[in-house]
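Here is the structure we will look at.
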């Protein structure tokens, strides 16, 4: 009679190994993992480590269209109930979470993601700092970041704490927009600001110092800027914007990287000319320049 093989489980009983190191070293490695790949190899090689410190490494955490949470690892995807997750999550590539970020933060051990996308929510500055320390691409749409006292964190402060950032897309309404009269000068004073590859901001208001910023734009040779203004801007401000647009259009050869500037009411032919100039100077962004060139 054949013996039935014993079923083994990842979360089942474990035997402590005879490590060639002191127990204090093993305890330190177990309690304070600092590298996601190394920790993943440890828990794959011996379930003792996971049993002592239940941290699971995943590549991607996102919210699906049918309002379920999905995690991905090594090409494997699985929806799950966050309330039933018994361990902490270590996310190291993509975090796309449009709603209720406060529900998931207690379940996160560490967030090393390079791509971060949030929609339609208010989060604390501490939570934003915790999730974005390693971010290279960030998309925030109708997201308000608040200080402990409830005040809105200005855009320049968010950019300042993202030293590795390469692309920024920020869409919002003028009611909670983190732009102050000092934003332009503060942005220009950030050391890594000129190294960002792409910046797209939708919903800009008259608070944005476009005159000072245009002076910077005419010296910019690296960053692709898309500046889309809110429909609430006044007629005098529209005239100011149109003068800047006319100056960009009338120059045959630009010795700087021309931006794409749009406001509701801009003549169709000027909009097309701006679009053409922008796409010629930044062909890699041609397909990504959305047809949604209106402002909310």
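The values are calculated or read from the model by the stated rules, or taken from the named source; none is laboratory data. Just so it is clear, the structure is predicted and the values come from calculations on it, not from any experiment. Virtual Cβ from ideal backbone geometry, glycine too; neighbours counted across all protein chains shown.
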Original post:
Given region 43-120, what strands (runs of 3 or more DSSP E) lie entirely inside it while holding 1 or more residues that are within 22 Å of the chain's Cα centre (by Cα) and either modelled with pLDDT of 85 or more or over 30 Å from residue 170 (Cβ atoms) (or both)?
Top reply: 55-63, 88-97, 108-111
**OP:** Return the total of residues in region 150-192 being modelled with pLDDT of 90 or more, surrounded by 20 or more Cβ atoms within 10 Å (Cβ to Cβ), within 24 Å of residue 120 (Cα to Cα) and touching a helix residue (DSSP H, G or I) at 6+ places or on another chain (Cβ under 9 Å).
**Re:** 8
**OP:** For region 145-158, indicate whether the set of residues that are in a loop (DSSP other than H, G, I, E, B), touching a residue at least 12 places away in the same chain (Cβ under 8 Å), out of contact with any strand residue (DSSP E or B) (no Cβ under 6 Å at 6 or more places or on another chain) and within 27 Å of residue 224 (Cβ to Cβ) is non-empty.
**Re:** yes
**OP:** Quick one: count up the residues across region 128-144 that are in contact with a strand residue (DSSP E or B) (Cβ under 8 Å, 6 or more places away or on another chain) and not in a loop (DSSP other than H, G, I, E, B).
**Re:** 11
**OP:** Taking residue 131 as meeting all but one of (1) modelled with pLDDT of 90 or more; (2) over 13 Å from the mean Cα position of the chain (by Cα), write down the number of the exception.
**Re:** (2)
**OP:** For residue 231, work out the one condition from (1) touching a residue at least 60 places away in the same chain (Cβ under 8 Å); (2) surrounded by 16 or more Cβ atoms within 10 Å (Cβ to Cβ); (3) part of a loop (DSSP other than H, G, I, E, B) it doesn't fulfil.
**Re:** (2)
